[in-house]
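S.K.: Okay, here's the structure, questions in a sec.
Where a number appears in this text, it was derived from the coordinates with a stated rule and is not lab data. All of these numbers come straight from a predicted model, not from anything done at the bench.
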Amino acid sequence: MIKTITFACVHFSVAFSVAYFITGSFGMASALALIEPMVNTVAYFFHEKAWDAYRSGGNILHLFRAG
C-alpha cells in the first residue's frame with residue numbers, strides 16, 4: 001500500500017509539473033493533475049474490457065458503438 005501511495009504522489013507531481021510548465025497557471029496545473037488520473041482510470045476500465053474480449057477471440061468493436 002505504501003508503494004501505491006508513493007507512486008500516486010510521484011504521478012501527481014509529474015502531472016502537475018508538466019501542466020504548470022505548459023500553462024504557467026497554478027490553478028490549471030492543479031486541476032489537470034487531479035483530473036488526469038480520473039480520466040486514466042476510466043480509460044483503463046475500457047481497455048481491460050477490450051483486452052479481455054480480444055484475448056477470448058471476441059470482437060471488440062461492439063464495445064465502442066453507441067446504443
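S.K.: Going by alpha carbons, how many degrees (0 to 90, nearest 10) lie between the helix axis of 2-23 and the longest principal axis of the chain?
M.R.: 70 degrees
S.K.: Do you know the relative contact order of the chain, to the nearest whole percent, from alpha carbon pairs under 8 angstrom that are 6+ apart?
M.R.: With pairs under 8 Å counted, the relative contact order is 19 percent.
S.K.: Here's something else I'd like to know. Please give the helix 26-55 orientation as an angle from the longest Cα principal axis of the chain, in degrees from 0 to 90, rounded to the nearest 10.
M.R.: 20 degrees
S.K.: Taking only the alpha carbons of the chain, what extent do you get along each of the three principal axes, in Å, biggest first?
M.R.: 45, 31, 16
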